[in-house]
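The next block holds one structure in the form of structure tokens; read it before the comments.
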Amino acid sequence: MKKNKKIQDFYYAFFNNKSGITIRDYLDGASYDALGEIDLNKDELIIRYTVSDKYFAPFFDGSFSSLYDFTIDNVVHPNDCVIYQELMNPKTLEKRLSQSDTPNFLHASLRYRLKEGGYRWVEQCVITGQEYGLREGVVLFYVFDIETKKNRELGVVNRDITFDVQERDTVTRLYLEKPFFNHSLEKIEESPDKKWCFISIDIEHFRLFDEWYGIAAGTNLIAHVGLFIKKLEEEHDAIGGYFGQDDFSVLIPYDKEVIDKLYEDIRVYTMSFGTSVGFMPAFGICLIDDHNKMMETFSHASVACFYAKSDIKKRICLYDINMHSKSEQEYRILVDFIEALKKHEITFFLQPQYQITTGKIVGAESLSRWFNNGKLISPVDFIPVLEKYGFITDLDKYIWEEVCKFQRDWIDKGYKPVPISVNVSQVDIFTVDVTNIFLELINKYNLTPNLIKIEITESAYSEESNSVRETVRKLRTHNFTVIMDDFGSGYSSLNMLSNLNLDVIKLDAKFVNFNGDIKKGIHILESIVNMTKTIAVPIIVEGVETKEQLDFLEGLGCRYVQGYYFNKPMPVSEFTKLIENSNHIDDSGFKVKMNQQITVKEFLDNNIYSDSMLNKILGAVAFYSWHDKEVDIVRFNQQFYESVNVPNFDERLKSIQRFLPEEDKAKLYKALDEAMKNQLNGSQEILRFIRPDGTYSWFIIRFYYIDEQDGEHRFYGSASNVTDQANLRQQMDLISRFSSDSIIFLDVKNYEWTFKMASHGLEKVLGMTLKEAEVELNTRKYYDRLPKEKVVLLRDFFVASFREHNSFTYDFELKHTEGKNVELRLRADPVDDEISSIKYIITVGLRDN
Ligand code: C2E
Ligand code: CA
Ligand code: CA
């Protein structure tokens, strides 16, 4: 269809006359894709123009309100529905047009669904008024395609919408598997002299990404990775392939710089979603020597990619032959493992844990053992493989149950049981509901939670994910003891520990043998032990092998130990001999022996610690100087830098008070003053720093006084960024105001609305899980559960209240998953807090009549 001349004239007249409007700029020469005329009095819609086959929109003449409904449910991107409603709501459209800043003109950007799948940014404009020759009650709306412009804004390359659906994936526009290889072969044969390579790309924990940020964000991420790769197709003679999930491949002439740049692009983009380092891309590369072996080369790139994934530091791996043999070995382990589990070739040994002074047994740790044709395979050989490929959970669930069985059996025989710790892998936490499994197990075997202790390795906590924290919290509320295994081996800091609420910390005595320099190692151990005491968490030291170590630990005031010095892990039958006699058992539980606090000064003067070790243990550390009103950061470590996480940090070191809001400045000086007065304990304060983008970061800062030099007071201190927690705390404060058992947060970022389930109420009410409820809300699927007319009402109500920032209550009926209706009352309260992105707290409860 050719654009109607009259309308085109109108279009120019409109944009040229209204010189005050810069809409021209952002439309950037785009012509419109649809133009409709609405008679609001008659609810009548006439489509004046529409492109064919582009949008998933029924642009045909009829009732406007039905187009409106359909568009919300089926056309507009779920996150943009509210924007669309605010723009097009027929009930208020006329009024809003007359009150608009530019009279008789409204517009908004949103995403429209495409027929071929995916979304495209459009600008929708509405105009009315006599000056355009329109009768009262008649409005025109335009839909402009602004994808190009919008993508440029978002830092994304141009993408064309014409592509072959047979060959290319609709979201990424990259080749599907078969065409990818066909075209790759053609390319290589075309220019055999180029140094071709395959890159296999994977986004770590992509499945989680979907869960954390929503399916839409996941799709968006995939689309963006597609765009980055597409750019290589255009600029570097590459071919991009997309094989589903997060599985991308590229054929490209090898150029380290180009590949590094691609990696960086993807990494930066995934990081832009916020928090986690968990969603890092991994690249495996293999050079193509012989195009007859193209497929083999490709599989080598995937092998290299596996390698990249297993290494946090080396994310781009070039294939080498050794990787292959290792991966084959891994493959063997996986295959055999499944068999072994079936044949009960896998079992657990127990290693006793002792109370040092009494020499009595306080518990034991279960450690899995695999007997393969009479040969023992060490867990160090198979556990990492199982973890890597996600099979660890099968093992762990099996061991957990075996341990529970053992406890039951032992009690049934009339003996006194001791608590047994089991190992929980981080993978378990991400894949199953660990708490629930343990609850089911103790229920099934009729045990009390104190008989099972749960060891989670330290590195798990370093993934900045809430799942681990959440799991720890849940386990503890159900009275399970949670032990942080391998403390000091990696990432954690004492700062973090104090925020974590753990029951027990487990330390490895290998600190004692640190680098063969016993003295150094001892001191490190000492400082850790002392510091854990200041936060009042009991510790158990494992790997104790010698009498010297034991004496030393005893001298330090350590109470609990485990190690070869006492026993190696042993078969269950042997262990039971040890605990048959209940006199050998100490059942008083893990306790802390409080020690005098060590002063920071004493700590600092000790120059025997290696910097790297100190950094690991202490976390974020900085030195400050204070003089008059000037507070400077004079030195800081890497963790501090990472934890502060502020752009242009270097420029913000001097006069840090400049970045505090007025009221917090006073707090800063007060805290420094306090630290001078109380040199033993130092001081602590929560301070807000203004980030360059105007938002606040919240920090818990601790200061310890060191000395005075040249009229300046020097301080030492830690800082932890608690912005997330601060937001959370505000949310929690709000929660406590309500009694209803189902609470939903409305999170608004960049005009995107996301519902976050904060409590489990709806599970009961609607017969679905929290996650399912969240997905329903965020995909607006719950509309299906509402009577049609209510959908519009609820939506309008909500949008209106949202604009006015009002509280409101709303009664409605919702279909239960089992078909019956439930009567609900919804109450929505705005959050009066500019910092939090949570804008509304919604409570939904059963209506009692
Ligand atoms: P872990 O949890 O840190 O367990 C302690 C390891 O130290 C065990 O190795 C234990 O046998 C060993 N050990 C105990 N005392 C001494 C000592 O005095 N000196 C020395 N050098 N070593 C000592 P094991 O049994 O080989 O297990 C290795 C790791 O495999 C465990 O480390 C744990 O992370 C993992 N693992 C073992 N069983 C399981 C399981 O059922 N599930 C999971 N997820 N992981 C497990
Ligand atoms: Ca352990
Ligand atoms: Ca350990």
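Just in the range 775-824: which trypsin sites (Lys or Arg not before Pro) are loop by DSSP and have at most 11 other Cβ atoms within 10 Å?
Values: sites: ARG780, LYS781, ARG785, LYS788, LYS790, ARG795, ARG803, LYS815, LYS820; in loops: ARG780, LYS820.
Here the trypsin sites (Lys or Arg not before Pro) that fit, given the DSSP loop and packing criteria, are LYS820.
Over the range 79-147, what is the mean sequence separation of C-alpha contacts under 8 Å (at least six apart), divided by residue count, expressed as relative contact order in percent? Could you put the intermediate results ahead of the total?
Working: 98 pairs, mean separation 16.8, N = 69.
With pairs under 8 Å counted, the relative contact order is 24 percent.
Among the listed pairs LYS342/LYS568; LYS453/LYS506; LYS178/LYS230; LYS115/LYS790, give every one whose C-alpha distance is greater than 24 Å.
Working: LYS342/LYS568 27 Å; LYS453/LYS506 12 Å; LYS178/LYS230 17 Å; LYS115/LYS790 28 Å.
Too far apart for the 24 Å limit: LYS342/LYS568; LYS115/LYS790.
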In whole percent, the Cα-Cα distances of the range 277-428 spread across 5 Å bins from 0 upward as 2, 8, 14, 15, 14, 12, 11, 8, 6, 4, 3, 2, 1, 0, 0
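Ignoring ligands, DNA and RNA, please state the percent of accessible area on the range 344-430 from carbon and sulfur, probe 1.4 Å.
Details: 1770 of 3410 Å².
Of all accessible area on the range 344-430, carbon and sulfur atoms account for 52 percent.
Using Cα pairs under 8 angstrom and six or more residues apart, how large is the relative contact order of the range 350-391, in percent? Intermediate results must be reported in sequence, preceding the final value.
On the way: 34 pairs, mean separation 10.3, N = 42.
It comes to 24 percent, rounded to a whole number.
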Any idea of the accessible area per residue across the range 384-459, 1.4 Å probe, to the nearest Å²?
39
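Can you order the peptides 503-510, 710-717 by their average number of other Cβ atoms within 10 Å per residue, highest first? Kindly include the intermediate steps, with their values, before the conclusion.
Numbers: 503-510: 22.0, 710-717: 17.2.
Per-residue mean Cβ counts within 10 Å order the peptides as 503-510, 710-717.
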Paramagnetic reach from GLU708 (point 7 Å along Cα→Cβ, amide N under 16 Å) across the range 664-698
672-679
Let's test the formula: R0 of 51 Å, r as the Cβ-Cβ distance of PHE649 and MET294. What FRET efficiency results, to the nearest 0.05?
0.65
Could you work out how far apart the two model spin labels at ASN41 and PHE70 are, taking each label as a point 7 Å from the Cα in the direction of the beta carbon, and quote it in nm?
2.6
Value of relative contact order over the range 359-474, rounded to a whole percent, pairs C-alpha under 8 Å and six or more apart:
28
THR779 and GLU580 label points (each 7 Å along its Cα→Cβ direction) are spaced in nm at 6.0
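Write down, largest first, the equivalent ellipsoid semi-axes of the range 31-98 in whole Å, where each equals the square root of 5 times an eigenvalue of the alpha-carbon gyration tensor.
Working: eigenvalues 66, 51, 25 Å².
Equivalent ellipsoid of the range 31-98: 18, 16, 11 Å, largest first.
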Given R₀ = 51 Å, what would the calculated FRET efficiency be for GLU440 paired with PHE243, taking r from the Cβ atoms and rounding to 0.05?
0.85
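Counting other Cβ atoms within 10 Å of each Cβ, which GluC sites (Glu not before Pro) in the range 321-386 have at most 14 and sit in a DSSP loop?
Values: sites: GLU328, GLU330, GLU339, GLU345, GLU365; in loops: GLU345.
Taking the range 321-386 and a limit of 14 other Cβ atoms within 10 Å, no loop GluC sites (Glu not before Pro) are found.
The values are calculated or read from the model by the stated rules, or taken from the named source; none is laboratory data. On a predicted model such as this, the values are computed, not experimentally measured, just so you know. Cβ atoms come from the backbone with ideal geometry, glycine included; neighbour counts cover every protein chain shown. Please note that ligands, DNA and RNA were not included when accessible areas were found on the heavy atoms of the full protein model with its side chains. Shrake-Rupley method; radii C 1.70, N 1.55, O 1.52, S 1.80 Å.
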